[in-house]
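Some notes on the structure that comes next.
The values are calculated or read from the model by the stated rules, or taken from the named source; none is laboratory data. Predicted, not measured: the structure shown is a model, and the values here were computed from it. With ideal geometry, Cβ positions are generated from the backbone for all residues, glycine too; neighbour counts draw on all protein chains shown. We work out accessible area using only protein heavy atoms, side chains counted, and drop any ligands, DNA or RNA first. Shrake-Rupley method; radii C 1.70, N 1.55, O 1.52, S 1.80 Å.
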Amino acid sequence: MTEKKTIEEFLGELSSKAPVPGGGGASAIGGAIGNGLGQMVANLTIGKKKYAEYEEELKELLERMKELQRGFTDLADRDGEVFAPLAAAYRLPYETDLEKQYKDQVMEASLLAASLIPMQIMETCMEMLAILSVLAEKGSRMAISDVGVGVQFIRASLTGAAMNVFINTGSMKNRDEAERLNERAQLMIDRGTEAADEIYDKILKGLKK
């Protein structure tokens, strides 16, 4: 399990010739790091008299971030798991009509599965951006830069996961399904990057005052 590995172990696997972890797993871990920064800001804010009016809301957000962090690490593992059957499908024979029909069916199912995991990473990123937006407004001013760093990790996770969606949908023969997934991913890219940039720019301007 990814969450049980040391940073050195994960980076060793990431930099090796092994096909997994790859961009999808790295995107998920990047999201987990951004999430961790959000949790840190919440923990630094909770219990401070200055932010007492936000305490209950931040406690709820903290619990939700803990769930989302487990989601990110689980998705890192699942991204690797769905790659194995896809890799196997590419190696299937493709000579007789029966072989072609079987391979096409297996490929289509594997490509869809490999597209849906990074899509879930993107959805998790979208929820994290909404939480970080709240922390940018109500979190401790002493840790506001950490919100900005977290936003950038989540932004990279979002756009990185999108690459894994598009590379898989690009090979799908069911173009209606592929375009549906592409449109959904693009919508999240557009909305997510806009939200992330807005939060980051606001924090950056505040730090430069």
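Filtered by the rule that a residue be open to solvent by 60 Å² or more (accessible area, probe 1.4 Å) and within 25 Å of Ile121 (Cβ to Cβ), the stretch 41-55 gives a lone residue, Asn43. When Ala136 is tested against the conditions (1) free of Cβ contacts under 8 Å to residues at least 60 places away in the same chain; (2) small (Gly, Ala, Ser); (3) closer than 27 Å to Tyr51 by Cα, the lone failure is (1).
Quick check on my filter: what residues within the stretch 14-28 are at pLDDT below 90 and of a type outside the set (A, V, I, L, M, F, W, C)? Lys17, Pro19, Pro21, Gly22, listed by residue number.
Residue pairs whose Cβ atoms lie under 6 Å apart, sitting 6 or more positions apart in sequence or on different chains, and linking a residue in the stretch 102-124 that is over 17 Å from Arg155 (Cβ atoms) to a partner that is charged (D, E, K, R) and surrounded by 17 or more Cβ atoms within 10 Å (Cβ to Cβ), are Ile117/Arg78; Ile117/Asp79. In the stretch 95-108 there is at least one residue matching the filter, namely being surrounded by 19 or more Cβ atoms within 10 Å (Cβ to Cβ), closer than 22 Å to Asn164 by Cβ and modelled with pLDDT under 95. Cβ-Cβ contacts under 9 Å between residues 6 or more apart (or on different chains), taken from a first residue in the stretch 56-69 that is surrounded by 21 or more Cβ atoms within 10 Å (Cβ to Cβ) to a second residue that is not in a helix (DSSP H, G or I), are listed as Leu58/Ile46; Leu58/Gly139. When Ile199 is tested against (1) surrounded by fewer than 19 Cβ atoms within 10 Å (Cβ to Cβ); (2) over 30 Å from Lys103 (Cβ atoms); (3) touching a residue at least 24 places away in the same chain (Cβ under 8 Å), exactly one condition is not met: (1). Being surrounded by 14 or more Cβ atoms within 10 Å (Cβ to Cβ) and in contact with a Ser or Thr (Cβ under 6 Å, 6 or more places away or on another chain) is not true of Pro118. Can you confirm whether Gly31 is at pLDDT 95 or above and either in a helix (DSSP H, G or I) or open to solvent by 40 Å² or more (accessible area, probe 1.4 Å) (or both)? The answer is yes for Gly31. Would it be correct to say that Lys17 is surrounded by 14 or more Cβ atoms within 10 Å (Cβ to Cβ) and of a type in the set (D, E, K, R)? When the stated conditions are applied, Lys17 does not pass them.
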